[in-house]
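Working notes, structure below.
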Amino acid sequence: MLALEHRQQIAKPPFSVGWRGFWQAWGRRVLLCLPLIFVGIFLVVPLGLTVMISFWERAGLKFRPAFSLASYVSLIGGARLDVLQRSLIVALEATALSLVIAYAIAYFLARKVEPATARIVLVLFTVPFLINYIVRNVSYTVLLGRTGVVNTALVAAGVTDAPLDWLLYSDFAVLLGLVSAYMPFMIFPLFLSIGAIDRQYIEASALLGASPFTTFRTITLPLSLPGVFAAALFGFVGCLGESAVPIILGGVGYELIGNTITSSMDVLNYPLAAALSSIVILLMLLLMLGWYLVFDMRSFLGRILEWRA
Amino acid sequence: MNPWNVNRRDALRLALSVSAAAGLGVAPRRAAAAGTINFADIGVGDPGGDWSKFKAASGYDVNLVSIGNAPSAVLNVLVASGGQGTYDVINIVGGMQKPLVDNDLVEKIDTARMPNWAKDTYVQEFLGNGKPGFQFIGYKDEIYGVPTVLQGDSFAYLPEKTGQLDSYAALFDPKWKGYVALEDNYTTAGQKTALYLKKAGLAKIANPDDMTKEEFKAVTDFLIDQKKKGQFRVIWNSFEQAVNLITSKEVYVIDCWEPMVFVAKSKGMDVVYADPKEGYLLWAMAAYLVKNPNRTAEQTDAAYKLLDFMLGGWYGAKITNLRGYMTNPQAATYAKDNPAEFPADEAKRVAEITANVRRKFEQGGTWQNRWPTEVEFYESEWSRFKAA
């Protein structure tokens with residue numbers, strides 16, 4: 001009887017026919033259109049304009065519509081391509097490092113602690129987002145400077161004779177800034193994908209005699225890959241576009257691509273700034289395409305919905 | 001940006017960069033009442049919000065809006081954000097006539113409409129046609145900017161660490177390797193380096209204030225070589241950052257602005273703004289009359305009254321006292337003669353600052369060039385230095 005009722009419920013059309021149904025159907029379409037319109041106006045149109053302007057010609061201080069590759073050609077052999085290359089390397093390094101740390105934290109939270117505790121810790125990881133990024137980065141300069149808290153403590157403890165210069169205005173400081181800025185973002189998708197793995201697979205693996213490491217390598221890691229890729233994407237996109245961290249923590253002109261784009265706009269070279277931006281956008285699109293082709297996005301997003309329910 | 005990519009003067013107050021970034025989007029609508037002058041400024045020309053004297057004299061109020069000082073920020077405000085139809089006067093570091101006049105954004109100044117113009121002897125001495133400072137207010141033999149602030153920049157040092165220093169050579173002295181900071185700005189740090197290289201005979205540079213590509217490339221190569229040797233600790237981008245570098249003793253020698261030294265001194269630091277034998281990087285702020293198509297003849301008249309007011313004694317003394325820059329020749333006298341408005345210590349401060357900056361101008365050096373002929377080459381070379 002119960003089963004029959006259930007079946008009837010499923011068989012019921014999603015909404016009743018007639019005027020009410022008509023309005024509901026249209027309401028649904030309108031609601032679906034709103035985010036599309038939003039994305040169109042605030043994302044697709046500006047990105048399209050950026051790509052378009054990158055082909056424009058400069059005429060004195062202004063620029064005029066044209067199809068010119070001049071901005072792209074000017075990149076070849078210049079320092080800006082080196083900056084792009086460095087940005088990619090730094091973003092990859094920071095993403096990899098963040099991934100290792102975030103995975104460990106997410107694994108621990110999803111597998112080793114009570115869900116209630118995990119939620120509290122996850123909430124705590126949102127606290128860094130409440131602090132202005134400039135304040136956060138400037139705080140590092142206070143902590144890590146030659147006369148900062150860390151160096152003072154290290155010298156006082158006799159760990160080192162003189163303050164460690166590489167703590168600030170260095171590759172280390174930039175990595176630290178990037179990791180602390182984007183790693184917390186990465187915990188959430190990892191936590192979701194690890195948490196959604198059916199524990200029975202892991203128990204089965206253990207029963208069949210696999211070591212915990214083998215279970216992790218052959219079961220947990222592959223099944224959490226959509227989350228890993230989502231996290232990597234969050235981290236990589238953020239790190240590649242970052243401009244405050246290199247300025248505040250990088251020292252002698254630690255330039256990343258965001259900085260060189262701003263700098264070219266200072267002399268009103270908008271086509272060049274647009275060309276650099278277009279290249280970065282293209283790289284991001286390729287990454288997204290890779291994600292789309294390799295992973296079924298529904299498997300990941302579906303789990304978010306399950307978790308919320 | 002990034003709102004963080006600040007150039008000269010715009011970071012004079014931390015709040016300014018924020019309001020500048022916001023200001024791009026929220027330029028005020030032209031006030032409906034005829035009685036308001038819309039005045040865009042980089043944070044230096046605000047007399048503590050007190051325009052009562054101007055209002056009493058002219059009947060007009062002043063609506064001050066903070067903008068960024070980077071060339072792109074200024075042009076963006078006027079062009080992209082519709083500022084040309086909004087503002088009447090913009091007060092920024094001068095030398096921007098080429099982009100402003102060539103793009104038809106500002107009007108020629110009719111100096112006869114400002115009684116205080118003739119009293120401003122600084123114009124004749126330092127900024128008039130034929131003087132090297134003309135590039136800050138004039139273009140093609142015409143006047144486009146009203147000088148509101150004058151200053152000479154050098155560098156600061158901590159005497160307890162370095163002893164007395166009197167040359168830009170200190171910025172490149174291996175003795176202070178790793179304890180030197182430069183400003184992230186090719187028209188200041190780049191030009192000071194050029195001045196040093198020229199005076200020390202290390203590079204052939206005809207005009208440090210308008211270098212050829214080869215000359216600026218030589219400057220960049222020198223800086224990259226120094227950078228690779230580990231000479232510089234950091235290149236700074238904001239006022240607060242530079243002050244912190246001094247007060248935390250992170251660096252001992254820093255290419256910076258004098259008000260940073262005032263702030264550090266007020267925090268009890270023993271820091272000296274150097275008097276280099278090569279001279280100073282001289283510059284001036286200019287108030288430009290925006291070519292605003294919406295402005296009536298009466299409003300233009302009021303805008304001229306404001307420009308004249310800014311050349312006057314009260315405004316000059318107020319700005320000198322608040323910001324630490326020399327303003328106009330009437331300032332010190334006015335402060336001294338009006339103890340009700342300027343107590344003795346303030347009047348003394350105005351006189352001291354004025355005398356100190358005057359001395360710098362008499363000593364000379366190189367005039368900063370905000371828009372050199374090869375500005376794009378400068379920018380791309382500076383990128384090369386930073387990326388090296």
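The values are calculated or read from the model by the stated rules, or taken from the named source; none is laboratory data. On a predicted model such as this, the values are computed, not experimentally measured, just so you know. Every residue, glycine as well, gets a Cβ built from its backbone with ideal geometry; the counts of neighbours run over all protein chains shown.
Listed by first and then second residue, the pairs with beta-carbon distance under 7 Å, at least 6 apart or on different chains, first residue in segment B:125-150 and in a loop (DSSP other than H, G, I, E, B), second hydroxyl-bearing (Ser, Thr, Tyr), are B:Ile137/B:Tyr144; B:Tyr144/B:Tyr288. If you filter segment B:246-271 down to residues that are touching a residue at least 40 places away in the same chain (Cβ under 8 Å), surrounded by fewer than 18 Cβ atoms within 10 Å (Cβ to Cβ) and more than 14 Å from every other protein chain (Cβ to nearest Cβ), you find that the one that is farthest from A:Leu144 (Cα to Cα) is B:Phe262.
Among the residues of segment A:97-139, those that are small (Gly, Ala, Ser) and surrounded by 14 or more Cβ atoms within 10 Å (Cβ to Cβ) comprise A:Ser98, A:Ala102, A:Ala106, A:Ala110, A:Ala118. Mind checking whether some residue in segment A:83-95 is charged (D, E, K, R), under 29 Å from A:Ser54 (Cα atoms) and either free of Cβ contacts under 8 Å to residues at least 40 places away in the same chain or in contact with a helix residue (DSSP H, G or I) (Cβ under 6 Å, 6 or more places away or on another chain) (or both)? No, segment A:83-95 contains no residue that is charged (D, E, K, R), under 29 Å from A:Ser54 (Cα atoms) and either free of Cβ contacts under 8 Å to residues at least 40 places away in the same chain or in contact with a helix residue (DSSP H, G or I) (Cβ under 6 Å, 6 or more places away or on another chain) (or both).
Mind checking which residues of segment B:228-245 are more than 19 Å from the chain's Cα centre (by Cα), surrounded by 22 or more Cβ atoms within 10 Å (Cβ to Cβ) and more than 9 Å from every other protein chain (Cβ to nearest Cβ)? Let's see the steps before the verdict.
To start, the set of residues in segment B:228-245 that are more than 19 Å from the chain's Cα centre (by Cα) comprises B:228-234, B:244-245.
If we keep only those that are surrounded by 22 or more Cβ atoms within 10 Å (Cβ to Cβ) too, we end up with B:232-234, B:245.
Result: no residue meets the conditions.
When A:Phe63 is tested against the conditions (1) at pLDDT 85 or above; (2) of a type outside the set (D, E, K, R); (3) within 35 Å of the chain's Cα centre (by Cα), the lone failure is (1).
Residue check: is B:Tyr196 at pLDDT 95 or above and within 14 Å of chain A (Cβ to nearest Cβ)? When the stated conditions are applied, B:Tyr196 does not pass them.
Only one of the listed residues (A:Leu97, A:Leu81, A:Leu122, A:Leu130) is out of contact with any strand residue (DSSP E or B) (no Cβ under 8 Å at 6 or more places or on another chain) and within 14 Å of chain B (Cβ to nearest Cβ). That residue is A:Leu81.
Reported count of residues in segment A:47-68, each being closer than 18 Å to A:Leu282 by Cα and either within 14 Å of another protein chain (Cβ to nearest Cβ) or not in a loop (DSSP other than H, G, I, E, B) (or both), is 7. Scanning segment A:24-67 for residues that are aliphatic (A, V, I, L, M) and closer than 19 Å to A:Leu268 by Cα gives A:Leu47, A:Leu49, A:Val51, A:Met52, A:Ile53, A:Ala59, A:Leu61, A:Ala66. At least 1 residues being away from chain B (no Cβ under 14 Å) is the threshold, and among the helices (runs of 4 or more DSSP H) wholly inside segment A:161-271 those reaching it are A:171-195, A:199-207, A:212-215, A:225-241. Taking the conditions (1) under 14 Å from B:Gly152 (Cβ atoms); (2) in a loop (DSSP other than H, G, I, E, B) in turn, B:Gly268 satisfies each one other than (1).
The single condition among (1) within 14 Å of another protein chain (Cβ to nearest Cβ); (2) in a helix (DSSP H, G or I) that B:Ile353 does not satisfy is (1).
No other residue among B:Gly312, B:Gly365, B:Gly324 is modelled with pLDDT under 95 and out of contact with any helix residue (DSSP H, G or I) (no Cβ under 6 Å at 6 or more places or on another chain) apart from B:Gly365.
Answer yes if at least one residue in segment B:364-379 is more than 14 Å from every other protein chain (Cβ to nearest Cβ), free of Cβ contacts under 8 Å to residues at least 60 places away in the same chain and not acidic (Asp, Glu), and no otherwise.
Kept after step one, since they are more than 14 Å from every other protein chain (Cβ to nearest Cβ), are these residues of segment B:364-379: B:364-368.
Within this subset, residues satisfying the condition of being free of Cβ contacts under 8 Å to residues at least 60 places away in the same chain are none.
No, the conditions are met nowhere in segment B:364-379.
Any residue at all in segment B:73-90 that is in a loop (DSSP other than H, G, I, E, B) and surrounded by fewer than 21 Cβ atoms within 10 Å (Cβ to Cβ)? The answer is yes, given that some residue of segment B:73-90 is in a loop (DSSP other than H, G, I, E, B) and surrounded by fewer than 21 Cβ atoms within 10 Å (Cβ to Cβ). Among the residues of segment B:56-78, not one is charged (D, E, K, R) and within 14 Å of chain A (Cβ to nearest Cβ). Only one of the listed residues (A:Ala206, A:Ala244) is hydrophobic (A, V, I, L, M, F, W, C) and more than 30 Å from B:Ile224 (Cβ to Cβ). That residue is A:Ala206.
Residues of segment B:201-231 that are touching a residue at least 60 places away in the same chain (Cβ under 8 Å) and basic (Lys, Arg): B:Lys213, B:Lys217, B:Lys227, B:Lys228. If you go through segment B:324-350 and keep only what is surrounded by 23 or more Cβ atoms within 10 Å (Cβ to Cβ) and not in a loop (DSSP other than H, G, I, E, B), you end up with B:Met326, B:Ala331, B:Ala332, B:Ala335, B:Val350.
Touching a strand residue (DSSP E or B) at 6+ places or on another chain (Cβ under 9 Å), at pLDDT 50 or above and outside any helix (DSSP H, G or I): does that describe B:Asp10?
Values: touching a strand residue (DSSP E or B) at 6+ places or on another chain (Cβ under 9 Å): yes; at pLDDT 50 or above: no; outside any helix (DSSP H, G or I): yes.
Taking the combined requirement at face value, the residue does not satisfy it.
Scanning segment B:151-184 for residues that are part of a loop (DSSP other than H, G, I, E, B), touching a residue at least 60 places away in the same chain (Cβ under 8 Å), within 14 Å of chain A (Cβ to nearest Cβ) and not acidic (Asp, Glu) gives B:Leu158, B:Tyr179. Against the test of being within 11 Å of chain B (Cβ to nearest Cβ), assigned to a helix (DSSP H, G or I) and surrounded by 13 or more Cβ atoms within 10 Å (Cβ to Cβ), the options A:Ser71, A:Ser87 yield a single qualifying residue, A:Ser87.
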